[in-house]
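Novice: Here it is, the structure in full.
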Amino acid sequence: MFTKDMTINEVLHANRALAGVFMQHGMMCIGCPSATMESIEQAAAVHGINLELLLKDLNEFEEK
């Protein structure tokens, strides 16, 4: 299960295909250096993305 405290890099390490979920939410900078340091929560705040919806979609994608 992915949580708001995980970094984008940790999520992508678990499953590279989740890059598509981030991009669907408008997070196109998944390869930038911040992806290794910022939590999902921090990145969502910076990009004005609904954190709860992003986490829901990441976790649902992973469950498929």
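Novice: Can you pull out the helices (runs of 4 or more DSSP H) entirely within the chain that have at least 3 residues that are more than 10 Å from the chain's Cα centre (by Cα)?
Specialist: Counting at least 3 such residues, we get 40-47, 51-63.
Novice: Of everything in the range 28-62 that's over 13 Å from Phe2 (Cβ atoms) and among the β-branched types (Val, Ile, Thr), which residue is surrounded by the most Cβ atoms within 10 Å (Cβ to Cβ)?
Specialist: Ile30
Where a number appears in this text, it was derived from the coordinates with a stated rule and is not lab data. Keep in mind the model is a prediction, meaning the values are calculated, not measured. Reconstructed Cβ throughout: ideal geometry from the backbone, glycine too, with neighbour counts over all protein chains shown.
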